Amino acid sequence: SFVTINQLNNKEIVCLSGGNTKACTIMILGLPSVPLNTSVTAIDPNTVVVSWSPPLNSSQCIDHYVVSIVNENTMSNKNTSNSSTTLVINQLIQGMNYSFSVTGVDRAERTGEESETTRITLDVPESVIDLNFTLTDESLNLITLMITWKSPSDTLTPPVIDYHVYHNITSSDGSLVHNVTNNMTHITFTNVSRGRQYIVNVTAENIIGIGEESLITVSIPVLSSTST
């Protein structure tokens, strides 16, 4: 008699050949479920790596994955060559916004559920924010100047890897004073002379390049005539 495929699920069947028997259990699997933890990382201005974790049910016989790529103008798909959970995507356009999602395809060529979308903007960072300063008296003639700032507010561009700080100039074409790394968002100038004016600008840099300047002007007070 005929039975449906579902009726065979979890059933044991026995094959007889030449007097030998072999038993196996039929398992009917559902479509691949959602790939997890999708992320995208820029490795140069035109290349990213999309990564994800396999579906929770790892027994779903994933043959390969399909990564969907969407920007303002086009949509395309790229396949992994096997069940690898990373894919390098190159020849992207700097300055463009991209979205990526992942679906699993099983050995029966059935497409599963699509992952959540992850996004990236292949552009330089925005300007740093909340640029400020603090003055501390060291002596009658010298002052310590601390410049502080916060990271750019945009979250879609690649992360900041470095800050550049310049002073007494109005353009980053001038002499570099300091590279500030390790996610630090402050710099201190010691032995600053009284009566001077400092023009300080800060730029953030990521894997794409250097962003726009944020500028602050600091006037160092002269010594009060009442001081002793």
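Roughly speaking, what is the stretch gain from Phe133 to Val70, that is 0.36 nm per residue apart minus the C-alpha to C-alpha distance, in nm to one decimal? Display every interim value, and only then the final one.
Values: separation 63, 0.36 × 63 = 22.68 nm, distance 4.24 nm.
Taking Phe133 through Val70 to full extension adds about 18.4 nm, to one decimal.
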ask   = Between the DSSP loop rule and a limit of at most 13 other Cβ atoms within 10 Å, which trypsin sites (Lys or Arg not before Pro) in region 60-125 are left?
value = Arg107
query = Using a 1.4 Å probe, how large is the accessible area of Glu126, given in Å² and rounded to the nearest 10?
reply = 90
note = Ignoring ligands and nucleic acids, Leu215 exposes an accessible area, probe 1.4 Å, in Å² to the nearest 10, of 90
note = Counting only protein heavy atoms and leaving out ligands, DNA and RNA, the solvent-accessible surface of Ser127 at a 1.4 Å probe, in Å² to the nearest 10, equals 30
key: Heavy-atom accessible area order for Phe100, Phe189, largest first, 1.4 Å probe   = Phe189, Phe100
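The values are calculated or read from the model by the stated rules, or taken from the named source; none is laboratory data. From a predicted model like this one, the values you see are computed outputs, not experimental measurements. We place every Cβ from the backbone using ideal geometry, glycine too, and count neighbours over all the protein chains shown. Please note that ligands, DNA and RNA were not included when accessible areas were found on the heavy atoms of the full protein model with its side chains. Shrake-Rupley method; radii C 1.70, N 1.55, O 1.52, S 1.80 Å.
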